[in-house]
Ligand code: ZN
């Protein structure tokens with residue numbers, strides 16, 4: 001794992017949260033993007049080389065909708081930059097972690113991603129994040 005690439009935060013209303021985080025961070029999002037396959041709309045802020053990803057559900061069966069229903073708004077996942085998502089998945093499996101995604105899939109912000117199951121990481125949803133080449 002390299003650095004923390006971004007921190008994902010589940011929000012109910014992306015417009016309201018964009019305003020809130022713009023006020024908090026002193027600058028606006030550099031990108032707003034819908035990821036239809038994930039049922040989310042996202043916005044990205046950048047602070048000192050680390051990104052903050054706000055996630056809003058676009059449908060009731062989106063993972064973000066389910067998360068907010070269970071836990072409310074708040075920190076949803078930590079994403080770590082990896083050189084190669086595919087080999088990183090294999091390494092984590094070998095080391096006894098449970099993967100939600102067995103193969104890298106298309107994520108927001110030009111990334112290939114895969115999630116580790118939070119039951120194998122102390123309740124923290126961990127995302128592996130590879131820059132698409
Ligand atoms: Zn993410």
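The values are calculated or read from the model by the stated rules, or taken from the named source; none is laboratory data. None of the values given here were measured: they were computed from a predicted structure. In this analysis, Cβ positions are derived from the backbone assuming ideal geometry, glycine residues included, and neighbour counts consider all displayed protein chains.
Please verify whether segment 58-76 includes one or more residues that are farther than 19 Å from residue 3 by Cβ, away from the ligand (no atom under 13 Å from the Cβ), touching a helix residue (DSSP H, G or I) at 6+ places or on another chain (Cβ under 6 Å) and at pLDDT 95 or above. Checking segment 58-76: not a single residue is farther than 19 Å from residue 3 by Cβ, away from the ligand (no atom under 13 Å from the Cβ), touching a helix residue (DSSP H, G or I) at 6+ places or on another chain (Cβ under 6 Å) and at pLDDT 95 or above. Based on what the data block shows, is residue 3 in contact with a strand residue (DSSP E or B) (Cβ under 8 Å, 6 or more places away or on another chain) and surrounded by fewer than 17 Cβ atoms within 10 Å (Cβ to Cβ)? Against the criterion (in contact with a strand residue (DSSP E or B) (Cβ under 8 Å, 6 or more places away or on another chain) and surrounded by fewer than 17 Cβ atoms within 10 Å (Cβ to Cβ)), residue 3 qualifies. The residues listed here are 107, 96; of these, the one that is within 12 Å of the ligand (Cβ to nearest atom) and in contact with a helix residue (DSSP H, G or I) (Cβ under 9 Å, 6 or more places away or on another chain) is 107.
All conditions in (1) away from the ligand (no atom under 16 Å from the Cβ); (2) within 17 Å of residue 126 (Cα to Cα) hold for residue 19, with the sole exception of (2).
Taking segment 112-126 as the search range and keeping residues that are free of Cβ contacts under 8 Å to residues at least 40 places away in the same chain and within 14 Å of the ligand (Cβ to nearest atom), which one is farthest from residue 75 (Cα to Cα)? Reasoning before the result, please.
Our first condition is that a residue be free of Cβ contacts under 8 Å to residues at least 40 places away in the same chain; within segment 112-126, this holds for 112-123.
So of that shortlist, the ones also within 14 Å of the ligand (Cβ to nearest atom) come out as 112-116, 118.
Working: 112: 21, 113: 18, 114: 18, 115: 15, 116: 16, 118: 13 Å.
That would be 112.
Tally the residues that are in contact (Cβ under 8 Å) with a residue 12 or more places away in the chain and out of contact with any helix residue (DSSP H, G or I) (no Cβ under 8 Å at 6 or more places or on another chain), restricting the search to segment 47-57.
As a first pass, look at segment 47-57 and keep what is in contact (Cβ under 8 Å) with a residue 12 or more places away in the chain: 47, 49-57.
Subset that is out of contact with any helix residue (DSSP H, G or I) (no Cβ under 8 Å at 6 or more places or on another chain): 49-51, 53.
Adding up the residues that qualify gives 4.
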